[in-house]
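The values are calculated or read from the model by the stated rules, or taken from the named source; none is laboratory data. As the structure is a prediction and not an experimental result, all values here were calculated from the model. Virtual Cβ from ideal backbone geometry, glycine too; neighbours counted across all protein chains shown. What goes into the accessible areas is simple: the full protein's heavy atoms, side chains included, and nothing from ligands, DNA or RNA. Shrake-Rupley method; radii C 1.70, N 1.55, O 1.52, S 1.80 Å.
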Amino acid sequence: MSRECAACYRNLPRTSYTAKQYSKGAGVSRCTVCVYGHSSDVPPSRQSGGGRFNNASSASIPISALERPFAQGAFRWVAKGSYNSGLRCGQACVAKWFKTGAVFSKDYFALDIKAVDKALEIVNAFNELGVVNKVVKINVPEVWRSASGSHAEWAGQNLLIEPFIQNYQKFNSNTGWSDESEVWGMVMQALSYFSYHLSGGYSVLCDLQGGIYQQEVVLSDPVILSQTRQYGVTDLGPNGISSFFAQHVCNRFCRPHWTLPVNPMLHFRPVPGTTMIRRSVPTKASRPYVESLFVSSRVFS
């Protein structure tokens, strides 16, 4: 059962309120963040240093890389290329696209961007809180379109393009699995927990994966679990949020006053991979080999 907070006017689940506040009734109850979330606990989000952007307008992806991607999942392939313009010219990038083609992928591209935008807000707030003395960043992808001169099978195809991440590893998943064998794994668990507190119990940032650099950690492909399942097939909804906290054990980077759900339960088997609520989709045959695919920055709309 949800209720609108009398202070911030967000429609939030019952778990976002203390028992005392909830007993005050609709129109009076204030969520936990509004009651306890002083500026030192939930700093205002600014679009500061949390984003890692393409800073380029074109890239080249070898067709051999597209035909034999270095990573793939149930729906998506990932191939490596390089930027050939802008501030990142000559640097490595990755292209991500859906096995089922542009028609199927349209909504998923949009949801990917939506999840990243939300993740960026959370990461900026977390950085401002100063939990650690390093910066957490999010790779911010853009939807680019292959050039008209590309091979006929690829011309006009939409791909997500973002900077390449070195030393890629996974810290937690969207089913509650986590690897806290190293310090950054504990930090990522605290970040996921913080996202729940920041949202007043509405959402959790998870499936955190990326690379550790000297002054920062860079994440890619974040998942947002939400009470209303508005972030696509990887958003496991309230059951996903409950599963996360059923597995979570607070560490030294968590704050004792952050909001916790009441009686979380395990609804999914904790696994390292990204769990999706699948849909039935068609597949496409592999494409013939050509030398390379050029893509340019045309944001999908």
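Observations on the model:
- Filter result (open to solvent by 60 Å² or more (accessible area, probe 1.4 Å) and within 20 Å of P272 (Cα to Cα)) within the range 67-98: F70, Q72
- Of the set (1) surrounded by 20 or more Cβ atoms within 10 Å (Cβ to Cβ); (2) touching a residue at least 40 places away in the same chain (Cβ under 8 Å), all apply to M188 but (2).
- Verdict on S173 being over 17 Å from S57 (Cβ atoms), buried (at least 16 other Cβ atoms within 10 Å of the Cβ), small (G, A, S) and modelled with pLDDT of 95 or more: yes
- Of the numbered criteria (1) open to solvent by 10 Å² or more (accessible area, probe 1.4 Å); (2) touching a residue at least 60 places away in the same chain (Cβ under 8 Å); (3) more than 29 Å from S57 (Cβ to Cβ), the one Y193 fails is (1).
- Taking residues in the range 206-230 that are more than 15 Å from L191 (Cα to Cα) and free of Cβ contacts under 8 Å to residues at least 40 places away in the same chain, and partners anywhere that are assigned to a loop (DSSP other than H, G, I, E, B) and aromatic (F, W, Y), the pairs with Cβ atoms closer than 8 Å and at least 6 places apart or on different chains are S226/Y202.
- Per-region count, the range 202-233, residues farther than 29 Å from C31 by Cβ and open to solvent by 10 Å² or more (accessible area, probe 1.4 Å): 7
- Residues satisfying the stated conditions in the range 234-257, i.e. of a type outside the set (S, T, N, Q) and more than 22 Å from L12 (Cα to Cα): V249, C250, R252, F253, C254
- Residues satisfying the stated conditions in the range 124-147, i.e. in a loop (DSSP other than H, G, I, E, B), open to solvent by less than 40 Å² (accessible area, probe 1.4 Å) and more than 27 Å from A92 (Cβ to Cβ): V131
- Any hit, the range 151-169, residues being under 25 Å from A79 (Cβ atoms), without any contact (Cβ under 8 Å) to a residue 60 or more places away in the chain, touching a Lys or Arg at 6+ places or on another chain (Cβ under 8 Å) and of a type in the set (A, V, I, L, M): no
- Restricting L260, L236 to residues that are closer than 17 Å to Y202 by Cα and either polar (S, T, N, Q) or open to solvent by 50 Å² or more (accessible area, probe 1.4 Å) (or both) narrows the list to L260.
- Against the test of being of a type in the set (G, A, S) and modelled with pLDDT of 70 or more, the options S48, S105, S60 yield a single qualifying residue, S60.
- Boolean, S199 is at negative phi, small (G, A, S) and open to solvent by 10 Å² or more (accessible area, probe 1.4 Å): yes
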